[in-house]
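For reference, the structure discussed in these notes is given below.
The values are calculated or read from the model by the stated rules, or taken from the named source; none is laboratory data. What you see is a predicted model, and the numbers here were worked out from it, not measured in a lab. Every residue, glycine as well, gets a Cβ built from its backbone with ideal geometry; the counts of neighbours run over all protein chains shown. Side chains included, ligands, DNA and RNA excluded: accessible areas come from the protein's heavy atoms. Shrake-Rupley method; radii C 1.70, N 1.55, O 1.52, S 1.80 Å.
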Amino acid sequence: MQRSDNLDGMKLCGFPFLAIGAFSAAAVLLQAQPGAALKIDLSQPKAPVSPMLYGLMTEEINYSYDGGLYAELVRNRTFRSDWTGVLNWYVVEKGTAAAKLTVDSKTGPSSALTNSGKFEVTRADAANPAVLLNEGYWGMPVRANTPFTGSFFAKSDAAGAVPLRVELVEDLTGKVLAGTAVSVEGSAWKEYKFSMKSAAGAASAENHLEIKVERPGTLWFQLVSLFPPTYKNRVNGNRPDLMEMLAKMRPSFLRFPGGNYLEGNRIESRYQWKKTIGPLVDRPTHPGTWSYHSTDGMGLLEFLEWCEDLKMEPVLAVYGGYSLGGQVVKPGPDLDPYVQEALEEIEYVTGGPETKWGAVRFQNGHPAPFPLRYVEVGNEDNFDKAKTYDGRYAQFYKAIKAKYPKLEIIATMPVKGMTPDVLDDHYYQREQGMFDLAKKYDQTDRKGPKIFVGEWATREGSPTPNFGSALGDAAFLTGLERNSDIVVMAAYAPLLVNVNPGGMQWSSDLIGYDAMTSYGSPSYYTQVMFASCLGSQTAQADLSGAGDKFFQSVTYTPGAKACIKLVNASSMAQPVTLSLTGAGGGVHPVNVQTLHAATTWATNSITAPARIVPVGSKLSVNGGKLTHTVPAYSIQLLEVDLR
Ligand code: AHR
């Protein structure tokens, strides 16, 4: 601890790494690797950094929207059923009440929702109500003094009004946490809206919804919905905690709606954007590709509003004529309707109110067009065994460019006979694989297409990645930053996972949550750190003498700041002498963020969400020099003030 170099700087700032008793300075010295040198030239920018480098990729997987970001609390609000009965809905006969729930396929409130939940109450009164219970997505979160807004479509066969109580009820005690009265009347479908507020009390997700009927009669229900407060109070909106976590990643774009989810298992179950817009009652819902059904409450406009809320540009993936089951639409006349579907989708996103689909968006509640620069045709079309992507991409490209010449069209694989504007590369690897990939773009031909790394992740750890993954991720990101003249965008996948049993279909997901809380994996914090400091230019940075698990990137904004990312994925500390040419003389303060764990297997979880989080400390560059030791298993951001 007596060293006088910048290691002491970290100690003086209370850097917790040194506070970990087991990791004494002696251990650092004993286990340190030979010193390395990092020569950074800030006098001459090397290449521009893509301002859109960091973004998000998303699809309906792992209960990302339903039971995740999309704040709806009622599960199976449209009364789907299987051989076990109506999913997620249960009948409770209190006292002497008698009732049964079935699906009536002959009546529903719209041409999109043609069936309903038929609740036949043969015996009930105020003291003995018949109850329809919804379990929610692994419970329903109730916090103190919280307003809820709800609605349902209903009709009844009873003469006169049927009084109901709608209540949020605690599982364990039966205590009513919030409730209101609604009266259903008449044999015609009508929408009923209600609101209620919880009282003071402890926050918990061990609650459910009850609809209590207090007299005999048959009632039909459809689209039973309940929302807590949402991000920016959007109607039909998103969970605030998750949106806030995403905002901290400073994403510049959102790639949606997939992924496999775009393609569908079959052509009919592809993402059909027209069926996801307008009032919820006009959305038929559809089977997703990750073993559960999608409500499509998160529809095309909701994706776009999500972009708007977080100031992201949409990267719109359009169905490209290939579905996961292997079905292909042949290029040529067969593909024309799908190309048309994509053109109309682009018009919905970008068109003015004078256009057909721009007017529909206006009518759906969003008069202003959205910005759009990138459209992606399909997803992972290298899986198409019939090898039709060359023709399919070319057909989409020609039609889209004819109408929207400024749009850049992303291809999901190399295309014979033409150079796509942008190529989407996907990488899923273990830690070592990502270390290798960290150098992948250093040699890439600058004359080829620009690169979009549309999906990537180091996959170690479940449900969310562990610290070894974060090291793999950080190493990989240094490679993307060094080459961000050609790598224009990158997005980790999958982004979200509901950690409840059965919630996950794909392990190693960036952000985990249950009904109540959410947490970031070490990989999440890596991205928060990397995106928090990104210069406008890459700098020439030459590393020598470092161990083979040491990675770096340097970007800077001349006259403002330099962002130095150092990744030590080794179990030994790495001393490094940084020399900065062109930084100007004197003393330059350096803000350091360190993400560290004692082992690669260490991780965060829903019950221990903040074991591994960035910790701040201070250093300084003095006369263009900084001698520093990067601790074992550490990811560091050094933000140098160049003013
Ligand atoms: O991110 C999970 C899946 O991985 C995506 O849906 C697909 O594009 C890829 O194969």
- Message: Which numbered condition in (1) within 16 Å of the ligand (Cβ to nearest atom); (2) over 26 Å from the mean Cα position of the chain (by Cα); (3) on the phi > 0 side of the Ramachandran plot is the only one that Asp384 fails?
- Response: (3)
- Item | Among the residues listed as Leu226, Leu219, the single one being in a strand (DSSP E or B), in contact (Cβ under 8 Å) with a residue 12 or more places away in the chain and touching a Ser or Thr at 6+ places or on another chain (Cβ under 7 Å) | Leu219
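Yes/no per residue for (1) more than 15 Å from Gln636 (Cα to Cα); (2) of a type outside the set (Ser, Thr, Tyr); (3) open to solvent by less than 10 Å² (accessible area, probe 1.4 Å):
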| position | (1), (2), (3) |
| --- | --- |
| Ala531 | no, yes, no |
| Ser544 | yes, no, no |
| Pro575 | no, yes, no |
| Gly585 | yes, yes, no |
| Pro589 | yes, yes, no |
- Note on the structure: With the first residue restricted to region 466-478 and required to be outside the structural domain of Tyr556 (by TED's automatic domain parsing), and the second required to be part of a helix (DSSP H, G or I) and open to solvent by 10 Å² or more (accessible area, probe 1.4 Å), Cβ contacts under 7 Å at 6 or more apart or on different chains are Gly468/Glu431; Ser469/Glu431; Leu471/Glu431; Gly472/Glu431; Gly472/Phe435; Ala475/Phe435; Phe476/Leu437
- Task: Considering every residue within region 275-284, establish whether at least one is part of a helix (DSSP H, G or I), modelled with pLDDT of 95 or more and within 29 Å of Lys248 (Cα to Cα).
- Result: yes
- Message: Just to verify a result, which residue in region 241-273, among those that are surrounded by fewer than 22 Cβ atoms within 10 Å (Cβ to Cβ) and either part of a loop (DSSP other than H, G, I, E, B) or without any contact (Cβ under 8 Å) to a residue 12 or more places away in the chain (or both), is nearest to the ligand (Cβ to nearest atom)?
- Response: Asn265
- Query: Could you give every pair whose Cβ atoms fall below 9 Å, whose first residue belongs to region 290-315 and is within 21 Å of Ile410 (Cβ to Cβ), and whose second residue is acidic (Asp, Glu), counting only separations of at least 6 or pairs across chains?
  - Reply: Leu300/Glu345; Cys307/Glu313; Val315/Glu376
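Condition check ((1) open to solvent by 10 Å² or more (accessible area, probe 1.4 Å); (2) under 21 Å from Ser252 (Cα atoms)) across all residues:
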{"position": "Ser462", "(1), (2)": "yes, no"}
{"position": "Gly472", "(1), (2)": "no, no"}
{"position": "Leu480", "(1), (2)": "no, yes"}
{"position": "Ser484", "(1), (2)": "no, yes"}
{"position": "Asn498", "(1), (2)": "no, no"}
- Test: residue in region 429-438 that is in a loop (DSSP other than H, G, I, E, B) and buried (at least 18 other Cβ atoms within 10 Å of the Cβ): yes
- Query: Do we have Arg3 as closer than 30 Å to Pro129 by Cα and either at pLDDT 95 or above or not assigned by TED's automatic domain parsing to the domain that holds Thr285 (or both) here?
  - Reply: no
- Task: Name the residue, out of Ala188, Ala158, Ala181, Ala144, that is open to solvent by 10 Å² or more (accessible area, probe 1.4 Å) and modelled with pLDDT under 95.
- Result: Ala158
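Yes or no, residue by residue, for (1) touching a residue at least 60 places away in the same chain (Cβ under 8 Å); (2) more than 24 Å from the chain's Cα centre (by Cα); (3) under 23 Å from Asn207 (Cβ atoms); (4) more than 16 Å from the ligand (Cβ to nearest atom):
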position: Lys39; (1), (2), (3), (4): yes, yes, no, yes
position: Leu73; (1), (2), (3), (4): yes, no, yes, yes
position: Tyr90; (1), (2), (3), (4): no, yes, yes, yes
position: Glu93; (1), (2), (3), (4): no, yes, yes, yes
position: Asn115; (1), (2), (3), (4): yes, yes, no, yes
position: Lys118; (1), (2), (3), (4): yes, yes, no, yes
- Message: Taking the condition of being within 14 Å of Leu480 (Cα to Cα) and not acidic (Asp, Glu), how many residues in region 422-445 meet it?
- Response: 11
- Query: Does Tyr90 satisfy the condition of being of a type outside the set (Gly, Ala, Ser), open to solvent by 10 Å² or more (accessible area, probe 1.4 Å) and assigned to a loop (DSSP other than H, G, I, E, B)?
  - Reply: no
- Message: So, in region 439-476, how many residues would count as being closer than 23 Å to Gly503 by Cα, within 16 Å of the ligand (Cβ to nearest atom) and assigned to a helix (DSSP H, G or I)?
- Response: 1
- Residue selected from region 338-381 under the condition part of a loop (DSSP other than H, G, I, E, B) and touching a Gly at 6+ places or on another chain (Cβ under 8 Å), by the criterion nearest to the ligand (Cβ to nearest atom): Asn379
- Is it the case that Gly332 is on the phi > 0 side of the Ramachandran plot and surrounded by fewer than 18 Cβ atoms within 10 Å (Cβ to Cβ)? yes
- Evaluate region 410-419: report whether one residue or more is basic (Lys, Arg), in contact (Cβ under 8 Å) with a residue 24 or more places away in the chain and within 16 Å of the ligand (Cβ to nearest atom). no
- Message: Any residue at all in region 461-471 that's over 15 Å from Glu431 (Cα atoms) and in contact with an Asp or Glu (Cβ under 9 Å, 6 or more places away or on another chain)?
- Response: yes
- Item | Filter result (in a strand (DSSP E or B) and out of contact with any Gly (no Cβ under 7 Å at 6 or more places or on another chain)) within region 174-192 | Val176, Ala178, Gly179, Thr180, Ala181, Val182, Ser183, Val184, Lys190, Glu191, Tyr192
- Residues of region 504-520 being outside any loop (DSSP other than H, G, I, E, B) and within 16 Å of the ligand (Cβ to nearest atom), in sequence order, are Ile511, Gly512
- With (1) at negative phi; (2) within 16 Å of the ligand (Cβ to nearest atom) as the list, and Tyr63 as the residue in question, which single condition is left unmet? (1)
- Task: Kindly provide the set of residues from region 391-403 that are touching a strand residue (DSSP E or B) at 6+ places or on another chain (Cβ under 8 Å) and either touching a residue at least 60 places away in the same chain (Cβ under 8 Å) or within 16 Å of Glu341 (Cβ to Cβ) (or both), ordered by number.
- Result: Arg392, Tyr393, Phe396, Tyr397, Ile400
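Yes/no matrix, rows are residues, columns are (1) among the aromatic types (Phe, Trp, Tyr); (2) under 19 Å from Met516 (Cβ atoms):
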| position | (1), (2) |
| --- | --- |
| Asn134 | no, yes |
| Gly139 | no, yes |
| Phe152 | yes, no |
| Ala158 | no, no |
- What residue, of Leu324, Leu335, Leu280, Leu316, is under 30 Å from Met529 (Cα atoms) and either more than 16 Å from the ligand (Cβ to nearest atom) or hydrophobic (A, V, I, L, M, F, W, C) (or both)? Leu316
- Query: What residue, among those in region 114-141 that are part of a strand (DSSP E or B) and open to solvent by 10 Å² or more (accessible area, probe 1.4 Å), is nearest to Lys94 (Cα to Cα)?
  - Reply: Asn128
